[in-house]
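Structure first, then comments.
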Amino acid sequence: MRLPTPSSLRLAARSFLSSGTPASVVWPVALWLATVGNLPLWQRVLGVGSAAAVPALLVPVLGVLAALLSLLAWPRLLRPLASLLVLVSAFNSHFMWQYGAVIDPTMMANVMHTDAREVRDLLSWSLPLSVLLMAGPPLWWIWRRPVVWRRPVAQTARNLAGAGIGLVLALAVALPGYSHLASLARNHKPVRYMINPLNTVYASARLAADQIPQQVQPLIPVGEDAVLSRPAAAGSPPPLLVLVVGETARAANWGLNGYNRPTTPQLARWVAERGLVNFPDATSCGTNTQVSVPCMFSPLSREQGGDQPARHENLLDVLQRAGLAVLWLDNQSGCKGVCARVPTARPMPDPALCEGDECLDEALVRSLDQQLAALDARRRERGTVVVLHMMGSHGPAYFKRAPNDRKPFQPECTSITLADCPPQALRNSYDNSIAYTDHVLARTLDWLDAQARSGAAAPGLIYMSDHGESLGEGNVYLHGLPYAFAPAEQKRVPLVTWLSPALQDITGVGPECLRGRAVRPVSHDHLFHSVLGLMGVQTQARDDALNLFRPCGT
């Protein structure tokens with residue numbers, strides 16, 4: 001058997017890549033994607049001092065991309081799908097550069113559930129420019145390069161050969177370089193989610209595998225035995241709990257937690273004078289709304305799978321099943337399925353607080369009277385739980401989250417390209433959003449206090465943010481990093497509670513006892529069980545070990 005000579009190998013390669021073959025599109029595009037399309041990846045790898053890992057990773061990425069494109073090399077399929085992969089890489093690279101983002105299944109879930117308002121906040125002139133510069137040349141090549149297709153059997157053989165060559169090339173370099181790759185993946189975990197566009201292909205497939213089965217399976221009922229353990233006595237005011245779900249508020253900038261700026265002055269007065277209790281060591285279940293909000297209301301803890309796509313009913317279902325009135329009032333991009341089976345509403349339009357379809361959070365408070373009046377009266381006599389879903393500190397347009405007369409920290413960043421803002425200006429714009437949250441919560445407390453004084457209800461409030469935020473620490477902005485290696489800024493969140501004297505009498509929970517409980521760590525895991533306990537809902541689904549109020553009374 002004669003071995004191939006170097007000249008015969010060159011001739012075979014030239015024939016394989018010759019003009020008109022699909023490989024003449026596949027391999028140049030794969031090379032572009034592996035190099036230019038992954039510039040943020042190579043910048044990160046070099047930045048952490050792993051130069052030796054570059055060739056050990058670059059060639060396998062090239063080989064896998066070539067294998068993938070070879071399998072897609074069919075008439076009417078190659079050009080559109082190759083173009084899609086190029087555009088995905090360009091968009092991914094832009095957001096990696098701008099915000100330090102990585103692409104994993106939870107980030108893909110965020111993308112799939114992003115609404116028009118959130119998209120508008122992410123648009124800038126740098127986006128189309130960077131996409132054009134990165135995607136323009138390979139798109140030109142893909143659509144201008146002539147391709148001659150063979151008959152199906154021959155084309156199948158050619159595609160399999162191309163895929164095989166790509167995989168052999170990837171393995172031939174990855175195996176000898178395994179030590180470099182293992183060290184890089186172990187010590188710098190975000191890198192594994194930065195390989196464009198394979199990160200998006202993997203995340204999309206994983207998301208589909210996780211969520212599609214949930215769409216066709218009914219939710220598992222929770223709390224079918226739920227009853228009120230302390231029905232309201234005739235003539236006594238029913239409990240009214242306002243549960244405020246914050247957005248992107250991080251504990252590090254929360255004045256009540258010892259932050260060196262007065263971002264929560266109004267709440268500080270409620271702590272000093274009116275029995276508000278702050279929990280300084282609270283942790284979120286996720287690093288993005290798509291995970292955290294369902295997890296907050298889930299009967300499962302994070303360790304039990306509360307951060308996974310919901311398979312069970314949630315807190316609102318149990319409250320409603322127990323006979324209470326429930327309302328979800330949303331100033332965000334939706335409730336992520338949590339409020340699907342209870343009454344929901346948006347803030348009432350208010351010209352002073354709303355512009356188009358966007359409202360400042362104070363509109364939630366001004367809507368309360370009218371929205372509550374629309375609930376079932378018999379249920380309200382037993383008790384009511386209202387969820388206010390805030391816009392909060394949603395970025396990157398922090399400067400939009402507060403009116404001009406509620407911005408004590410100046411000058412502020414008014415750009416969505418956060419890395420271009422001076423750090424102090426970025427901090428000012430974010431802190432202004434926290435200060436406005438302080439104002440909105442104080443207005444909510446004032447409204448609840450009026451309900452108590454009139455004898456209409458025995459009110460209380462719980463505020464907890466869904467997740468935190470990065471403001472440039474480690475060149476990372478916004479949120480959404482995989483939980484395993486997300487920084488504390490994205491996982492530590494504010495939590496405060498207030499119970500009116502009437503609700504204290506009903507539950508037996510006083511502020512002094514609660515302050516003693518507040519020094520211990522808490523998390524989103526506690527919310528489900530604490531609300532059930534506070535509202536007097538008895539069910540086997542309630543775990544009093546996770547009830548924040550249990551040591552003090554209810």
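A few points about this structure:
- Here Val222 clears all of (1) within 23 Å of Pro309 (Cα to Cα); (2) over 21 Å from the mean Cα position of the chain (by Cα); (3) loosely packed, with under 13 Cβ neighbours inside 10 Å except the condition numbered (3).
- Top-ranked residue of the stretch 371-428 - restricted to ones that are open to solvent by 20 Å² or more (accessible area, probe 1.4 Å) and among the polar types (S, T, N, Q), ranked as farthest from Met348 (Cα to Cα): Gln424
- Condition met for Leu198 (under 34 Å from the mean Cα position of the chain (by Cα), at pLDDT 90 or above and either of a type in the set (Phe, Trp, Tyr) or open to solvent by 30 Å² or more (accessible area, probe 1.4 Å) (or both)): yes
- Members of the stretch 245-266 that are open to solvent by 40 Å² or more (accessible area, probe 1.4 Å), among the polar types (S, T, N, Q) and under 30 Å from Glu118 (Cβ atoms): Asn257, Gln266
- Any hit, the stretch 408-422, residues being at pLDDT below 95, not aliphatic (A, V, I, L, M) and not in a loop (DSSP other than H, G, I, E, B): yes
- Ala182 meets all of the listed conditions (1) modelled with pLDDT under 85; (2) open to solvent by 60 Å² or more (accessible area, probe 1.4 Å) but one, namely (2).
- Residues located in the stretch 448-479, provided they are in a helix (DSSP H, G or I), in contact (Cβ under 8 Å) with a residue 24 or more places away in the chain and out of contact with any helix residue (DSSP H, G or I) (no Cβ under 6 Å at 6 or more places or on another chain): Leu448, Asp449, Gln451, Gly474, Asn475
- Scanning the stretch 86-129 for residues that are outside any helix (DSSP H, G or I) and touching a Lys or Arg at 6+ places or on another chain (Cβ under 8 Å) yields a single hit, His113.
- Filtered by the rule that a residue be open to solvent by 50 Å² or more (accessible area, probe 1.4 Å) and free of Cβ contacts under 8 Å to residues at least 60 places away in the same chain, the stretch 40-57 gives Gln43, Leu46, Gly47, Gly49, Ala51.
- Which listed residue, of Asp505, Asp525, is under 29 Å from the mean Cα position of the chain (by Cα), assigned to a helix (DSSP H, G or I), closer than 24 Å to Val326 by Cβ and of a type in the set (D, E, K, R): Asp525
- Enumeration of residues in the stretch 436-466 that are open to solvent by 10 Å² or more (accessible area, probe 1.4 Å) and among the polar types (S, T, N, Q): Gln451, Ser454
- Candidate set from the stretch 290-306 (those that are part of a loop (DSSP other than H, G, I, E, B), touching a Leu at 6+ places or on another chain (Cβ under 9 Å) and of a type outside the set (Ser, Thr, Tyr)); member that is surrounded by the most Cβ atoms within 10 Å (Cβ to Cβ): Phe297
- Elements of type helices (runs of 4 or more DSSP H) in the stretch 1-85, at least 2 residues being on the phi < 0 side of the Ramachandran plot, modelled with pLDDT of 90 or more and among the aromatic types (Phe, Trp, Tyr): 23-35
- Taken together, the residues in the stretch 346-370 that are open to solvent by 20 Å² or more (accessible area, probe 1.4 Å) and more than 20 Å from Asp121 (Cβ to Cβ) amount to 8.
- Some residue of the stretch 137-146 being touching a residue at least 60 places away in the same chain (Cβ under 8 Å), farther than 19 Å from Asn196 by Cβ and assigned to a loop (DSSP other than H, G, I, E, B): yes
- Filter pass, Val242 being surrounded by fewer than 15 Cβ atoms within 10 Å (Cβ to Cβ) and either of a type in the set (Lys, Arg) or closer than 30 Å to Gly460 by Cβ (or both): no
- Residue match in the stretch 482-500 (condition: within 19 Å of Gly392 (Cα to Cα) and aromatic (Phe, Trp, Tyr)): no
- So Thr417, is it farther than 23 Å from Thr264 by Cα and β-branched (Val, Ile, Thr): yes
- Scanning the stretch 332-379 for residues that are among the polar types (S, T, N, Q), farther than 29 Å from Pro218 by Cα and not in a helix (DSSP H, G or I) turns up just one, Ser367.
- Looking only at residues of the stretch 87-115 that are free of Cβ contacts under 8 Å to residues at least 60 places away in the same chain and over 19 Å from Ser470 (Cβ atoms), we find that the one that is least open to solvent (accessible area, probe 1.4 Å) is Ala90.
- Residue check, Glu469 open to solvent by 40 Å² or more (accessible area, probe 1.4 Å) and at pLDDT 95 or above: no
- Only one of the numbered conditions (1) farther than 30 Å from Ala486 by Cβ; (2) among the acidic types (Asp, Glu); (3) surrounded by 14 or more Cβ atoms within 10 Å (Cβ to Cβ) is not met by Asp281, and that is (1).
The values are calculated or read from the model by the stated rules, or taken from the named source; none is laboratory data. As the structure is a computational prediction, the values presented were derived from the model and not from experiment. Reconstructed Cβ throughout: ideal geometry from the backbone, glycine too, with neighbour counts over all protein chains shown. The area values use the complete protein model at the heavy-atom level, side chains included, leaving out ligands, DNA and RNA. Shrake-Rupley method; radii C 1.70, N 1.55, O 1.52, S 1.80 Å.
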